[in-house]
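The values are calculated or read from the model by the stated rules, or taken from the named source; none is laboratory data. All values derive from a computational prediction rather than experimental measurement. As a convention, Cβ positions derive from the backbone with ideal geometry for all residues, glycine included, and neighbour counts pool all protein chains shown.
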Amino acid sequence: MAANLLGSLPVLSPDQLNDNRSQMVFSCAIAFVVIDISFIGMRYFTRHITKTPLGWDDLLVFPTMLFSVSVCGMQIGMKNLITAQV
């Protein structure tokens with residue numbers, strides 16, 4: 001049905017099928033996980049050092065980080081799935 005909506009799909013050569021950016025996506029996902037955890041850790045560390053009480057924004061940062069890390073985990077999983085199929 002999708003082929004009818006899009007018209008005829010192009011025929012891809014084996015080189016085009018093997019050309020993907022999964023390694024770049026994997027690297028970006030790992031970088032975002034490291035950046036998320038380090039910046040949020042620094043945020044809580046500075047709150048502890050300055051003895052500033054945690055506010056509502058500090059409490060919402062942790063679930064947001066979990067969501068971000070889970071999205072990166074899905075990207076890593078998709079990279080492993082793509083490389084296993086090629």
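Of the residues in segment 11-24, at least one is hydroxyl-bearing (Ser, Thr, Tyr) and modelled with pLDDT under 85. Among the residues of segment 18-44, those identified as under 13 Å from Val61 (Cβ atoms) and not hydroxyl-bearing (Ser, Thr, Tyr) are Asp36, Ile37, Phe39, Ile40, Gly41, Met42, Arg43.
In segment 48-61, the residue that is surrounded by the most Cβ atoms within 10 Å (Cβ to Cβ) out of those that are closer than 18 Å to Asp36 by Cα and touching a helix residue (DSSP H, G or I) at 6+ places or on another chain (Cβ under 7 Å) is Val61.
Please tell me if Lys79 is without any contact (Cβ under 8 Å) to a residue 60 or more places away in the chain, of a type outside the set (A, V, I, L, M) and part of a loop (DSSP other than H, G, I, E, B). Taking the combined requirement at face value, the residue does not satisfy it.
Please find, within segment 14-53, the residue that is nearest to Lys79 (Cα to Cα) out of those that are among the acidic types (Asp, Glu) and assigned to a helix (DSSP H, G or I). Among those residues, the one meeting the criterion is Asp15.
Each residue in segment 41-70 was checked for being touching a residue at least 12 places away in the same chain (Cβ under 8 Å) and of a type in the set (Val, Ile, Thr), and 2 pass.
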